[in-house]
Amino acid sequence: MNGKFTIGLGCDRGVPLETVRDAVRAALAAANARADQVVAAASITLKKDEAALLALAEENGWPLYFYEAEQLAVVEVPHPSETVRKYTGTPSVSEAAALLAAGPDTPMTALVVEKHKHKGEDGRNATVSIARKTP
């Protein structure tokens, strides 16, 4: 697939880097996209100190953006979750973050991978969404 993409990341606290890597690899494969087509990664400010997210962005050379729960909560997404809202204050982290990073007013139809969940060997989860970047 041609073009540029943004990745939204959600995860359990303390998730291993390998779990996030595996989740991103699988999501990129599902989108028929490559890591070098990713122009940014994003998550919620609650995760700004999450070692696995910071390390993944650094090893891929991706800028990593963080959004407040209030910013994420107003983004229309295909898979809102009351469980996610309970813990974060927003019904979506990965889908909303991918869309916000893709550009202002990016519609949810820009999502090429919606909420891909991956459970690591230790039982911790990572969630990845991929949006097509607005030109």
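A few remarks follow.
- Against the test of being assigned to a helix (DSSP H, G or I), in contact (Cβ under 8 Å) with a residue 24 or more places away in the chain, buried (at least 18 other Cβ atoms within 10 Å of the Cβ) and of a type in the set (Gly, Ala, Ser), the options Ala52, Ala41, Ala126, Ala131 yield a single qualifying residue, Ala52.
- Counting the residues of the range 55-83 that are free of Cβ contacts under 8 Å to residues at least 24 places away in the same chain and buried (at least 19 other Cβ atoms within 10 Å of the Cβ) gives 1.
- Any hit, the range 84-91, residues being touching a His at 6+ places or on another chain (Cβ under 9 Å), in contact (Cβ under 8 Å) with a residue 60 or more places away in the chain and either buried (at least 21 other Cβ atoms within 10 Å of the Cβ) or closer than 16 Å to Lys4 by Cβ (or both): no
- Of all residues in the range 79-108, those satisfying the criterion of being more than 15 Å from Val128 (Cα to Cα), in a helix (DSSP H, G or I) and modelled with pLDDT of 95 or more are Glu82, Arg85, Lys86, Thr88.
- Note on the range 55-76: among residues that are part of a helix (DSSP H, G or I) and among the aliphatic types (A, V, I, L, M), the one that is nearest to Ala23 (Cα to Cα) is Leu56.
The values are calculated or read from the model by the stated rules, or taken from the named source; none is laboratory data. For clarity, every value in this text was computed on a predicted model and none was experimentally measured. Cβ sites come from the backbone with ideal geometry, for glycine too, and all protein chains shown count toward neighbours.
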